[in-house]
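What follows is a set of notes on a single structure, which appears directly below.
The values are calculated or read from the model by the stated rules, or taken from the named source; none is laboratory data. Computed from a predicted structure; not experimentally measured. Cβ placement follows ideal geometry from the backbone for every residue including glycine, while neighbour counts extend to all protein chains displayed. We work out accessible area using only protein heavy atoms, side chains counted, and drop any ligands, DNA or RNA first. Shrake-Rupley method; radii C 1.70, N 1.55, O 1.52, S 1.80 Å.
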Amino acid sequence: MTPFQTLTTHLLRTQPLSALTRHLEFEVKGVARFGFVAGQWLSFKTNKPDGEEITRAYSIASSPSEDNRFALCLNRVQDGFMSNFLCDMKEGAEIRCQGPFGDFILRPPLRDTIFIATGTGIAPLRSMLHWLLADPARHQDKQFWLVFGNRTEQDIYYHDEFLALAGKHANFHYLPTLSRGGPEWQGLRGYVQEHVPAIVQGRMDMHAYICGLDKMIKANRELLKGLGWDRKSILYEKYD
């Protein structure tokens, strides 16, 4: 498909991931094939009641597929018209978008890779991991780590899904970490950057893909550069 094409999509399914977060699945109508690269984003357009056009960008949270479908993972933002509009959409409703855009995508040649996310920053990394692990020829038995930081256990989006992926693929290591985990939490605690050194262990021949808020990204980039990593090996996308 050509860039900047305006697409008409309709909502197939919507489900809550937490009190303020939803997983939305859309289908693109009227195109022979909707193609994108894992990690890219779409720009959504709608109009406020006063006629003002609103445009917002959201990462695709699903792997490229043959069925013209894609998913989003998004938070309701207080006073955020678009995020609330999307979260309130009813199944079957339509919305326009443009894309795909973005170069936060997997870089060849494939290396052992650490994926680092907080909150809805998981969206493009979920897309990448599902695409990689769907075909042995894609992942080539490289080792992948996902360090996913959230506040509480209720905030871990796609938790069971990532546990199942880790159970199925010995080369995928899923490491959720909580900054405010309850006493029953058995996993890692603290912020994502606290767990990165133990994974990379002095190695500089890996890739890192980081997605979330600026403060978290900055902390991890500075950490990895301090461990001797080339900045070109550290790819990131900011959500603020």
Q. Are any of the residues in the range 25-33 without any contact (Cβ under 8 Å) to a residue 12 or more places away in the chain and open to solvent by 30 Å² or more (accessible area, probe 1.4 Å)?
A. yes
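Considering only residues that are among the β-branched types (Val, Ile, Thr), farther than 16 Å from Gly99 by Cβ and out of contact with any Gly (no Cβ under 9 Å at 6 or more places or on another chain), which ones fall in the range 7-26?
Step one: of the range 7-26, the residues among the β-branched types (Val, Ile, Thr) are 8-9, 14, 21.
Of the ones still in play, those that are also farther than 16 Å from Gly99 by Cβ are 14, 21.
Hit for the range 7-26 is Thr14, nothing else.
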(Q) Which count do you get for residues in the range 39-64 that are touching a Leu at 6+ places or on another chain (Cβ under 9 Å), assigned to a strand (DSSP E or B) and over 15 Å from Gln5 (Cβ atoms)? (A) 5
Q: Could you check how many residues of the range 65-90 are open to solvent by 40 Å² or more (accessible area, probe 1.4 Å), assigned to a loop (DSSP other than H, G, I, E, B) and within 20 Å of Ala19 (Cβ to Cβ)?
A: 5
Q. Yes or no: Pro16 open to solvent by 70 Å² or more (accessible area, probe 1.4 Å) and in contact with a Lys or Arg (Cβ under 6 Å, 6 or more places away or on another chain)?
A. yes
**Q.** Answer residue from the range 97-127, given it is of a type in the set (Gly, Ala, Ser) and outside any helix (DSSP H, G or I) and is surrounded by the fewest Cβ atoms within 10 Å (Cβ to Cβ) among those
**A.** Gly102
Q | Which numbered condition Gly167 misses (of (1) closer than 28 Å to Glu222 by Cα; (2) modelled with pLDDT of 95 or more) | A | (1)
**Q.** Residue satisfying condition, being closer than 20 Å to Gln40 by Cβ and either open to solvent by 30 Å² or more (accessible area, probe 1.4 Å) or more than 16 Å from the chain's Cα centre (by Cα) (or both), within set His169, His173, His130
**A.** His130
Q) Does the range 200-218 contain at least one residue that is within 24 Å of Ser18 (Cα to Cα) and of a type in the set (S, T, N, Q)? A) no
Q. Does Thr21 satisfy being under 24 Å from Lys238 (Cα atoms), modelled with pLDDT under 95, open to solvent by less than 50 Å² (accessible area, probe 1.4 Å) and in contact with a Phe, Trp or Tyr (Cβ under 9 Å, 6 or more places away or on another chain)?
A. no
